[in-house]
1. Cut-off is 10 Å between beta-carbons; in what order do Trp6, Trp77 appear when sorted fewest neighbours first?
2. Only loop residues by DSSP count here, and only those with at most 15 other Cβ atoms within 10 Å; note down the GluC sites (Glu not before Pro) in region 25-68 that meet that.
3. Wrap a convex hull around the Cα atoms of region 1-61, take a quarter of its surface area, and give that in square nanometres.
Amino acid sequence: MLPKEWTLAALALAAGFAGGAISTGLGTVFAQERTRQITAERFVVVDASGKKRGEFGLDGQGSLNLNLYNDQGRLLWSAPTRSGIFPISPSQ
């Protein structure tokens, strides 16, 4: 090999090492620990346009409720708040 070719090969090797070191150092991402518990008084599910489609939480009296809404925001179904063997009835 000619001296010019050796110089070019050495520069290519050095550039490869430098590029690898920079890309490894800058691109390091650490995964976050998985959340084991979420605490809230109410959860609201919205669609892509931001309209409420579902709701699970406590009402003003502290009773648990579950409501499902259509794409117009109208209540489709609500779980009754009375206690018992999980009564289910459609809402008008």
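Every number in this text was worked out from the coordinates using simple rules, so none of it is lab data. Quick caveat, the model's predicted, so the values are computed rather than measured. Glycine gets a Cβ as well: all are built from the backbone with ideal geometry, and neighbour counts include every protein chain shown.
1. Lowest count first: Trp6, Trp77.
2. Glu33, Glu41
3. On the way: hull surface 36.6 nm².
Spelled out: convex hull of the Cα atoms, projected over all directions, averaged, 9.1 nm².
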